[in-house]
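Following: one structure in structure tokens, then a few remarks.
The values are calculated or read from the model by the stated rules, or taken from the named source; none is laboratory data. Nothing here was measured: the structure is a model prediction, and the numbers come from that model. Here the Cβ is made from the backbone with ideal geometry for all residues, glycine too, and neighbour counts use every protein chain on show.
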Amino acid sequence: MKQKRFPGWLWKLLRRRFLIAFLIIVQATFFVYLIASGSMLSQRLSRGLSIISILVVLYIVSKRDKGAYKTLWVFLILSFPILGGLLYLMVKFQTPTKKMQRDIQRIQEVTRALYPLPDDSYIDAREKTGSHFSQVRYLQNYAGFPVYSNTQTTYLELGECFHERLLQELEKAEHYIFLEFFIIQDGVFWGSILEVLKRKVSQGVKVRVLYDDLGCFIMLPTDFVQQMEKLGMECAMFNPFRPFLTMKQNNRDHRKIVVIDGKAAFTGGINLADEYINAREKYGHWKDSGVLLEGKAAWSFTLMFLEMWELCTKCGEDIASYYPWQFTGCNMEPDGLVIPYADSPMDSENVGEHVYLQILNEAQDYVYINTPYLILDDSMVSALCLAAKRGVDVRIVTPHRWDKFLVHMTTRSYYRELIRAGVKVYEYSNGFIHAKSFVSDDLIATVGTTNLDFRSLYLHFECGTWMYGSRAVMQVREDFVETLATCQQIQEKDCAKNPAAKLFQEVLRLFAPLM
């Protein structure tokens, strides 16, 4: 699908993306002028804003929140005592965010009752999982994501494998195809998917495409929704970017989900852009991964998609009607136990973080981790270090070739502390590793969309698949071990020792919650 060519600079300037940037600049310039003008109004306003900043600092210190967020905001307010407090209030207390929270709560009041299926596997999990049952109990009883049997798992170790298998499964669709991605970009990958979708629409299959506006900000034409609708598909944009300071604009849909008839589902780190399948070289070889679920557990991803679709479209449909086994049972042979889970920044429960922490806390032999970013809260640093100190073989692979320089430097700032505690840190030498996976003790694995950074853990909508005793668990482990052959291990002597470099990294650590 080709993007439109625009006739001249004036039309480009008036496009939504340029207009948004222009309005943001206008807002900021006007406010700074008002404060700096030196008038009587300006002086009174400055004193009032300074008092607001003091009260905001007291509120932040007493608030139950991550220490890194508190430190960052207090630092910003001390650095900018006039505007800092007002900025905090503008970001944190806004109607759009509260409205989104209410909408999500309303939708989940309907969908939460639909997640559990007949022949609940909870009792089976209690008998089989031993000490790992605490994870099952947390995800099912508290987070609301049930454990399923009757599911086959297949780990897809590269974007190319994901692409090939996705095309095969899409061809099997008879009723509906749902796609939800952070990034969609015109190219070989999306073009091949689109050809199948158009053919399926002609066969009467319902196709829905959901994408994040900021993730696709310069990658899709502004009339993408209309183009898809002309092809007979339903399309929606998550959280359109607006030129106003609001926390809602920071909450993006970072999930990657494909659902086919509610019987098969994909997730993982792979977006629909050519670098993910190495059809285009961006940062060297792109190493990513995903997982395919066939059977009962795919229903959870169906509901996750429909929840987000309802949030974006307000369509008010009968969600239960999409259940694929209303008249025939699911006869899929069990392959261990599977729990698909989602994480929302609109509540106080950091599900993705808690899944990772519990894997680290329960590990006895090893934990192997792939992550493109390593920007951690104190609780995650402590869990990684404690696991290594009690004898667990903790290994982390991050990229050697970076996509964002400041983020990569911040990632490296954590190396020394982790290595000193016994954590083994590696960098993927061939290019950029974008996979997000944990595997532990030949029993547990999770593959999903959640990076080990503040945005994924606390600000974005994310998802993943926790697996116990499944075939994919050992596939994740084998892939990790094979990947180590193309990695370089980082030693403490390799970490920055230059005082200026260390100071630079410490400053970056302070601003880590913004990265």
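Checking the structure you have, find out if any residue of the range 488-498 is within 30 Å of Glu180 (Cα to Cα) and either of a type in the set (A, V, I, L, M, F, W, C) or in contact with a helix residue (DSSP H, G or I) (Cβ under 7 Å, 6 or more places away or on another chain) (or both). No, there is no match, as no residue in the range 488-498 is within 30 Å of Glu180 (Cα to Cα) and either of a type in the set (A, V, I, L, M, F, W, C) or in contact with a helix residue (DSSP H, G or I) (Cβ under 7 Å, 6 or more places away or on another chain) (or both).
If only residues of the range 225-241 that are touching a residue at least 24 places away in the same chain (Cβ under 8 Å) and closer than 11 Å to Val209 by Cα are counted, the one that is surrounded by the most Cβ atoms within 10 Å (Cβ to Cβ) is Phe238.
Can you find, within the range 282-299, the residue that is farthest from the chain's Cα centre (by Cα) among those that are under 30 Å from Ser149 (Cα atoms) and in a strand (DSSP E or B)? In this case the residue turns out to be Gly295. Kindly indicate whether Phe327 is out of contact with any helix residue (DSSP H, G or I) (no Cβ under 6 Å at 6 or more places or on another chain) and either touching a residue at least 60 places away in the same chain (Cβ under 8 Å) or not assigned by TED's automatic domain parsing to the domain that holds Cys235 (or both). No; evaluated as a whole, the condition is false for this residue.
With the requirement that a residue be modelled with pLDDT under 75 and among the aliphatic types (A, V, I, L, M), what does the range 53-97 give you? Selection gives Ile82, Leu83, Leu86, Leu87, Leu89, Met90, Val91.
Comparison of Pro372, Pro340 shows that the only residue that is part of a strand (DSSP E or B), buried (at least 24 other Cβ atoms within 10 Å of the Cβ) and not assigned by TED's automatic domain parsing to the domain that holds Asp253 is Pro340.
Residue count for the range 251-283 under the criterion of being at pLDDT below 95 and touching a His at 6+ places or on another chain (Cβ under 8 Å): the result is 3. Of the residues making up the range 353-391, those that are touching an Asp or Glu at 6+ places or on another chain (Cβ under 6 Å) and either of a type in the set (S, T, N, Q) or farther than 23 Å from Met474 by Cβ (or both) are Gln364, Tyr373, Ile375. Criterion first (closer than 22 Å to Arg477 by Cα, in the same structural domain as Ser289 (by TED's automatic domain parsing) and of a type in the set (Gly, Ala, Ser)) does Gly204 satisfy it? Spelling it out, it is not the case that Gly204 is closer than 22 Å to Arg477 by Cα, in the same structural domain as Ser289 (by TED's automatic domain parsing) and of a type in the set (Gly, Ala, Ser). Restricting attention to the range 123-136, the residues that are part of a helix (DSSP H, G or I) and either buried (at least 16 other Cβ atoms within 10 Å of the Cβ) or at pLDDT below 90 (or both) total 6. For the range 103-119, the criterion of being under 28 Å from the mean Cα position of the chain (by Cα), closer than 30 Å to Met308 by Cα, at pLDDT 75 or above and exposed (fewer than 11 other Cβ atoms within 10 Å of the Cβ) is met by at least one residue. Condition check: closer than 29 Å to Leu114 by Cα and over 17 Å from the mean Cα position of the chain (by Cα). Does Ala279 satisfy that? In short, no. Restricting the range 155-212 to residues that are in contact with a His (Cβ under 8 Å, 6 or more places away or on another chain) and not small (Gly, Ala, Ser), the residue that is modelled with the lowest pLDDT is Asp212. Note on the range 390-504: enclosed strands (runs of 3 or more DSSP E) holding 2 or more residues that are surrounded by fewer than 24 Cβ atoms within 10 Å (Cβ to Cβ) are 393-399, 424-428, 431-433, 487-490. Residues of the range 193-222 that are of a type in the set (Gly, Ala, Ser) and more than 20 Å from the chain's Cα centre (by Cα): Ser202, Gly204.
Say we look at the range 294-319 and pick out the residues that are more than 23 Å from Phe238 (Cβ to Cβ) and of a type outside the set (D, E, K, R); which of these is surrounded by the fewest Cβ atoms within 10 Å (Cβ to Cβ)? The selected residue is Gly295. Candidates in the range 150-185 are the residues that are aliphatic (A, V, I, L, M) and not in a strand (DSSP E or B); of these, the one that is farthest from Ile218 (Cα to Cα) is Ala173.
For first residues located in the range 489-507 and hydroxyl-bearing (Ser, Thr, Tyr), partners that are surrounded by 11 or more Cβ atoms within 10 Å (Cβ to Cβ) and lie 6+ apart or on another chain with Cβ distances below 6 Å do not occur.
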